[in-house]
Amino acid sequence: VSTPEPEKNEAAAAAKSATAAPQPQPEGPSRDWGVIIRNVFTAENSAMVTFLAIVLALVVGAIMIVLSSTDTMNKLGYFFAAPGDFLSSAWNEISSAYSSLFKGAIFDPATISGTPDQFFGPISNTLEYATPLIFGGLAISVAFRAGMFNIGGQGQLIVGAIFASYVGFSWTALPGALHMIVAVLAGIVGGMLYGGIVGWLKAKRGAHEVIVTIMLNYVALLFLGGWLLNTSVFHNPAAAGQAISKPAASSAVLPHLFGDQLFTDIGLLFALAAAFGVAWFFKRSKLGFEVRAVGLRPSAARTAGINVSRVQIASMLISGALMGLIGVTQTLGLANPNNNSLSPNIDAGLGFSAITVALLGRTKPWGVVGASLLFGALQAGGALMQTQAQVSIEIITVIQALIVIFVAAPQLVKEIFRLRAHRIDTGKGGEEAPPSVDPFHTTETITVAGGEE
Amino acid sequence: MSTASATGNATTTVAAVVPDTRSKLISGLAEAIIGALALWGFGLSSRVGDNTHTLFGLKFDPNQVGGLSPISAPSQPVALALSSLAILCGLVRAFAPMTRKVQIWVDGVYFASIVLAFLVWVAAGSTVGLNIPSIIALTAAGAVPLILGSLSGLLCERSGVVNIAIEGQFLFGAFSAVITASSTGSLWAGAIAGCLGGALMGSLLAVFANRYLIEQVVLGVVLNLLALGITGFLYKSLMQTNQSSYNSVSQFDSFRIPGLASIWVIGPVLFDQPLIIYLTVFLVVLVHLGLFRTRWGLRTRAVGEHPAAADTVGIKVLRLRYRNVMLGGAFAGLGGAWLVGNVGNFTEAMTNGKGFIALAAVIFGRWSPFGALAAAGLFGFTDALANQTSSLQLPVPSDLLSTLPYVATLFAVAGLIGRVRAPAADGKPYIKG
């Protein structure tokens, strides 16, 4: 499956020369935590490395699919007697899995003659899956750029969901669209408050934000599942014995974006607006500038007269607000499987997948959008793959994790592809540049001379 | 992770004395106020009124004939006395000058009296009462994986590699343990395989952190995801259809230490247990001695604080980091093996966030083995308590009570512990040259 074609070798070379563009800015040995964080996420990286990372991850996924199929593995037992048996069986497994992945995520060729709703169905699923990831990726990015690591997405989105859900089912006196707007705002406020606690504890009390967020996740989770959903205010009397809240009133539910048959709600518009807002925030606003300065080097920012505590609290407030928006789409959006009511597993692990999306998008707002679309597509396709090709959806988690690892370690991707380039084409040997000590993340100085040109 | 200390240093050097006494006052008063709430909630509630008594069972096996009879304490007076003691401790801590060592003792007494007051209140009026030995046993069983996981975190972070991937190491260890133990029939082979599985995850962390220089906190999160995906996928495609041959292990046999096992109350609980529990405590002592008394430990700490300086005197920084991270992974893998041995089979995502709790224990325990042991014990204890009190008729659901350790950790991190300092080079890759 992974036999390298000449195009790929050239691609690897192109990728290499792209990242190896000389940037002669000698920097001292002092390497601040904030600098490292920022560079991981913002350093240039060619799209080709990302593409190759996706290919590699899919290849590993294919190997796992074959390994897990007992039928195919039995054929491996007599591989040398009849290799065709094994190869064709393996090929069938892989192609049926990945073709249903594609059909579930992008479009199904069989629906070309069907209705537009059928044709655009997979794409709209992808968009719906991508929506919360965009919010989450942006949230992680804002905190990260200020030098903080927000593992507390789970807790923040749960609190946001609680607020949004409460407004959704109880403030029914509000007229139509206003009800929805207030519910969305409530979700934002909820996440914001919960994120703000982290920022405050970090800035004022010096508490470690990783430990604080982990603890707050548990508090929110247990508070919701263990107590809140059993109270008379929240618990749905129609679902006796189940920890589930009253459903939100229909006026608070996010409407469909592309018509009733397609599975996308206007949360997507909020997400795109948020991406636009965060992009503006980083590029143009004073606070955004301060956030970046604090993330780069807190001591220098303080010397320059920036109030570091204030910036840290502000960035956690923004981060929490964006996480709260996930809570909104999870409760009031079409993604909610329980008729727009709150259940204990409302977070669906999104607080953590957001981190991978942020890394893949390098904490750049539009990069995050792209990464979310990719992961959303994998989720949507994985759902179909599970039903159609009987490949369990966990493989998607593996593929996502591998993509992130490969993208974060471009040197590995290049090594893998260069290794084969050597075997095929030995003419370029001898003048090979030594492997860069510092592929692209930790410093801005890249001293690799392009040895392959 | 060092931004906390980086931002903290500047403020503390400017005014070192004033915030210190103020935070001492604030935390002492906070303790006193919580004590007063306990006085009102536990001591004066109707639950302990009417001359109610609280039973504390002392027999590990409640069906045993004869043996120790339970202790019966008058609920209200005891709860009142304990909460008053707690308030007193808080006030003393706030206003009396004391050294750091005394302060830790005062905090300890405060904490113990609050917990005891709570126990007296929880079990008041119950005819069964609380079984002390089984709480201790559950605490030990729950703490073992946390201790092993936090040793993993400790070894990595002391040598300068942030380890968020403890969760993944648990999962992979558990998975390798269960599949080996089921196919060989030997749980010990499973435990060894668990160590190897954890070490494999550890080596991934080491390679990607040290060679490919991926930002380590992110790397940890991604490795957790990877472990979750791989084990979940293999569980569904291999184990679920064939539980008996791939996914069933026996429990670890207990091993009775002669002599110690006959100590009053705690003997049968603590000294008639599976070997891994003793091994865990032994490992804590070993890591402590190793870190602070041996050449290896000195080098590890040097590499974690100032790798460039360590390199100058000839220490192989990266080699030491690789070794320590893999050793840590093996510890966490053993913790994973314990988890499956305890339950008897593997289920998807069975670690359920324990790796993150272990990480919290590392930080809570201030990067020291005994601190991690104490913190893990605390988390194990509250879990055991939630388990034991769930059958008693409580006015508060036990899930809400089980948030208490997390809230307490928050308070501790924010107030009592203050600014904790990670090893200086924690999370920073070392690039020679």
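Coordinate-derived values only; no laboratory data. Everything quoted here is computed from the prediction, not taken from an experiment. In this analysis, Cβ positions are derived from the backbone assuming ideal geometry, glycine residues included, and neighbour counts consider all displayed protein chains.
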**Request:** Obtain the nm distance between the two label points defined at A:T387 and A:Q118 by a simple spin-label model: each point lies 7 Å from its Cα along the Cα-to-C-beta direction.
**Result:** 1.5 nm
**Request:** With θ set to phi - 60°, apply the Karplus curve 6.51 cos²θ - 1.76 cosθ + 1.60 along region A:165-178 and write out the HN-Hα couplings as whole Hz, x wherever there is a Gly or Pro.
**Result:** 5, 4, 4, x, 9, 10, 8, 6, 5, 5, x, x, 4, 4
**Fill in**
Distance in Å, no decimals, from the C-alpha centre of region B:332-374 to the one of region A:76-111 is 40 Å
**Prompt:** For chain B, treating each Cα as an identical point scatterer without solvent, what Debye log10 I(q)/I(0) comes out at q = 0.08, 0.10, 0.11 1/Å?
**Reply:** -0.51, -0.79, -0.95
**Fill in**
re region B:53-195: pairs of Cα atoms spaced beyond 19 Å account for a percent value of 71 percent
**Request:** Would you calculate the separation in nanometres between label points at A:D71 and B:L29, each defined as 7 Å from the Cα along the Cα-to-beta-carbon direction?
**Result:** 7.2 nm
**Asked** For the modelled label position 7 Å from the Cα of A:Q242 along Cα-to-Cβ, which residues of region A:169-185 have backbone nitrogen atoms closer than 20 Å?
**Response** A:169-170
**Prompt:** How many angstrom lie between the C-alpha centres of region A:353-398 and region B:223-259?
**Reply:** 27 Å
**Asked** For region A:329-361, list residues with backbone N below 19 Å from a point placed 7 Å from the Cα of A:D260 toward its Cβ?
**Response** A:333-336, A:339-340
**Prompt:** Where does region A:206-288 land on Rg/Rh, using Cα atoms and the Kirkwood Rh?
**Reply:** 1.13
**Asked** Helix hunt in chain B: which complete DSSP H runs extend at least 27 Å axially by C-alpha with mean Kyte-Doolittle at least -1.0?
**Response** B:17-38, B:75-95, B:100-122, B:132-158, B:187-210, B:317-343, B:369-389
**Prompt:** Which whole number gives the average count of other chain Cβ atoms within 10 Å of the Cβ atoms across peptide A:393-400?
**Reply:** 6
**Fill in**
In this structure, the FRET efficiency calculated for B:R211 and B:F292 from their beta-carbon separation, with R0 = 30 Å, to the nearest 0.05, is 0.55
**Request:** Against the globular-protein guess of 2.2 N^0.38 Å, express the Cα radius of gyration of region B:242-379 as a ratio, rounded to two decimals.
**Result:** 1.29
**Within region A:163-234, chymotrypsin sites (Phe, Trp or Tyr not before Pro) in DSSP loop having at most 12 other beta-carbon neighbours inside 10 Å** = none
**Message:** At 7 Å along Cα-to-Cβ for each site, give me the label-to-label distance between B:N342 and B:S69 in nm.
**Reply:** 3.5 nm
**Complete:** Once A:F107 and A:S299 are pulled to full extension, the length gained, defined as 0.36 nm per residue separation minus their Cα-Cα distance, is 64.0 nm
**Request:** Taking the convex hull of the Cα atoms, report for the protein assembly as shown its projected area averaged over all directions, in nm².
**Result:** 41.5 nm²
**Prompt:** Which of the chymotrypsin sites (Phe, Trp or Tyr not before Pro) found in region A:67-116 are loop residues per DSSP with 15 or fewer other Cβ atoms within 10 Å of their Cβ?
**Reply:** A:Y78, A:F79, A:F80
**Asked** Which value results for Rg/Rh of region B:210-316 when Rg is the Cα radius of gyration and Rh the Kirkwood radius based on the inverse mean 1/r?
**Response** 1.15
**Taking N as its residue count, the alpha carbon Rg of region A:82-176 over 2.2 N^0.38 Å** = 1.75
